[in-house]
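Scroll down for the structure; my scribbles are underneath it.
The values are calculated or read from the model by the stated rules, or taken from the named source; none is laboratory data. Please read all numbers here as calculations on a predicted model, not as lab measurements. As a convention, Cβ positions derive from the backbone with ideal geometry for all residues, glycine included, and neighbour counts pool all protein chains shown.
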Amino acid sequence: MPIRAITLDLDDTLWPIWPTIVRAEQALHDWLMRHAPRTAKRYPVPAMRRLRDAIASEQPAIIHDFTAQRRLTLARALADSGDDEALVEPAFEVFIEHRNIVDLYPDAAAALARLSARFPVAALTNGNADLSRIGIGKHFVFQLGAREHGVAKPHSSIFHAACERLGLQPGDVLHVGDDPELDVIGAQRAGLRCAWLNRDAGTWQFADAVPDYVVRDLHELAEKLDEITFSP
Ligand SMILES: [Mg+2]
């Protein structure tokens with residue numbers, strides 16, 4: 001069966017997420033030092049992370065929504081410190097601005113252009129990246145996030161929602177991502193085909209699931225897809 005579209009993970013697939021988050025948390029801290037110094041002193045970056053973890057575990061209803069978790073964390077930190085809770089929005093804006101300043105992997109931009117010239121590509125993410133802020137939105141037919149959908153990968157329903165928006169059956173769609181459980185196994189359970197983006201040369205750990213493709217970068221994926229007969 002031909003592949004008719006691609007759903008693509010974002011974080012750790014197109015850019016490394018951890019350095020981005022570290023920079024965004026530091027930018028937020030620097031902003032709080034200027035605008036809410038009591039909060040900044042009471043919640044330096046590691047303490048703010050612990051608070052967010054605590055809020056995430058006490059609020060299962062927003063487990064899939066990192067934006068809501070971060071806003072709630074800021075509200076709690078500001079209130080605990082006696083600062084103005086109206087600062088939540090400008091503080092969150094500082095975080096999200098920096099969260100969308102990413103260092104694309106060297107293969108990402110060219111491979112994405114190549115893939116999107118051949119297939120409709122939809123972004124499918126559990127995170128809160130904003131493709132238009134990042135400047136690569138033109139390569140995507142749409143972006144579907146766990147926040148808007150209401151549940152996160154690996155749940156089948158987010159994969160099915162993406163296929164529906166593409167107007168395709170799951171078996172016509174290839175999902176590509178770095179995470180064996182969230183991306184590969186989740187997509188496979190939902191009936192999509194799947195490519196494991198194995199940038200770190202890891203070993204596949206799951207005996208009961210086998211990715212359809214294993215690639216070390218997105219160029220290799222584009223090469224493999226070029227080898228497959230394509231019927232539009
Ligand atoms: Mg990922």
- Item | Flag for His35 being touching a residue at least 40 places away in the same chain (Cβ under 8 Å) and either outside the structural domain of Leu166 (by TED's automatic domain parsing) or away from the ligand (no atom under 16 Å from the Cβ) (or both) | yes
- Whichever residue in the range 175-219 is of a type in the set (D, E, K, R) and free of Cβ contacts under 8 Å to residues at least 12 places away in the same chain and, among such residues, is nearest to the ligand (Cβ to nearest atom): Asp200
- Message: Return the residues of the range 38-63 that are farther than 26 Å from Thr125 by Cβ and either within 16 Å of the ligand (Cβ to nearest atom) or charged (D, E, K, R) (or both); say none if nothing qualifies.
- Response: Arg38, Lys41, Arg42
- Message: Being within 14 Å of the ligand (Cβ to nearest atom) and either touching a residue at least 12 places away in the same chain (Cβ under 8 Å) or on the phi > 0 side of the Ramachandran plot (or both) is the filter here; which residues of the range 1-18 pass it?
- Response: Thr7, Leu8, Asp9, Leu10, Asp11, Asp12, Thr13, Leu14, Trp15, Pro16, Ile17
- Report yes if Ile158 is surrounded by fewer than 18 Cβ atoms within 10 Å (Cβ to Cβ), among the aliphatic types (A, V, I, L, M), modelled with pLDDT of 95 or more and within 16 Å of the ligand (Cβ to nearest atom), otherwise no. no
- Mind counting the residues in the range 173-220 that are more than 23 Å from Gly145 (Cα to Cα) and of a type in the set (A, V, I, L, M)? 6
- Message: So, in the range 168-198, how many residues would count as being surrounded by fewer than 16 Cβ atoms within 10 Å (Cβ to Cβ), not in a helix (DSSP H, G or I) and not small (Gly, Ala, Ser)?
- Response: 1
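Take Ile21 and tell me if it is within 16 Å of the ligand (Cβ to nearest atom), of a type in the set (Val, Ile, Thr) and assigned to a helix (DSSP H, G or I).
Yes; evaluated as a whole, the condition is true for this residue.
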- Scanning the range 27-44 for residues that are assigned to a helix (DSSP H, G or I) and surrounded by 14 or more Cβ atoms within 10 Å (Cβ to Cβ) gives Ala27, Leu28, His29, Trp31, Leu32, His35, Arg38, Thr39, Ala40, Arg42
